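Structure record follows, encoded as structure tokens.
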Amino acid sequence: MKMEDLKNLVKNIIEKATALKNKHIDDKNTPVNYACIFSQSKEEYDELVEASRKIGKVIQETPTGLLFHIEPLETVSGVLKLLKIRIPDTTRPERGDADFTISNFPEFEKKYLSKSGFKILRKPDFYMVELMDSDFDVRAYFSNPPLDRQLNI
């Protein structure tokens with residue numbers, strides 16, 4: 001996979017996730033701080049990782065894939081610096097996800113958690129709200145604290 005193809009794929013995922021987010025929440029100006037490509041095969045995973053190494057370096061190895069700190073990439077929702085390539089996972093048939101930064105998380109939770117498509121996911125050091133909608137082949141997430149802050153990037 002060429003570097004340009006990778007960048008276009010990432011921009012496309014963020015564009016779709018932004019549309020998903022904007023369909024369901026009022027604040028249209030939430031910036032992206034992280035994106036993930038869901039690889040659909042071992043071959044695609046290897047290709048995506050190889051292409052990602054050309055635009056960034058691995059900063060975290062997780063059980064679900066590699067996280068890269070990439071050269072700043074302009075997207076419809078701001079500059080992206082964090083990209084994860086997820087290993088193939090049958091629970092992730094979508095193309096990917098984008099994570100958006102929310103300025104007032106308690107208010108956001110109060111307003112949206114009871115609405116359709118929103119679900120809270122608790123992790124050891126943080127928690128996130130997942131947004132899914134069958135009209136979209138991407139997911140949107142809202143993490144508290146956001147990943148860039150967790151990693152001091």
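The values are calculated or read from the model by the stated rules, or taken from the named source; none is laboratory data. The model shown is predicted, which means the values in this text are computed figures rather than measured ones. All Cβ positions, glycine included, derive from the backbone under ideal geometry; neighbour counts span all protein chains shown.
Screening region 78-97 for residues that are touching a Phe, Trp or Tyr at 6+ places or on another chain (Cβ under 7 Å) and not charged (D, E, K, R) and picking the one that is nearest to L20 (Cα to Cα) gives G96. Among the residues of region 117-134, those identified as without any contact (Cβ under 8 Å) to a residue 40 or more places away in the chain and either closer than 20 Å to L80 by Cα or part of a loop (DSSP other than H, G, I, E, B) (or both) are K123, P124, D125, F126, M128, V129, E130, M132, S134. The condition of being buried (at least 18 other Cβ atoms within 10 Å of the Cβ), outside any strand (DSSP E or B) and touching a Ser or Thr at 6+ places or on another chain (Cβ under 7 Å) holds for only one of I102, I85, that being I102. Screening S114 against (1) small (G, A, S); (2) touching a strand residue (DSSP E or B) at 6+ places or on another chain (Cβ under 6 Å); (3) part of a loop (DSSP other than H, G, I, E, B) leaves a single unmet condition, (2). Restricting region 125-149 to residues that are surrounded by fewer than 16 Cβ atoms within 10 Å (Cβ to Cβ) and at pLDDT below 95 leaves a set whose member that is farthest from T91 (Cα to Cα) is R149.
Just to verify a result, which residue in region 20-55, among those that are among the hydrophobic types (A, V, I, L, M, F, W, C) and within 30 Å of E109 (Cβ to Cβ), is surrounded by the fewest Cβ atoms within 10 Å (Cβ to Cβ)? Applying the filter and picking the extreme gives I25.
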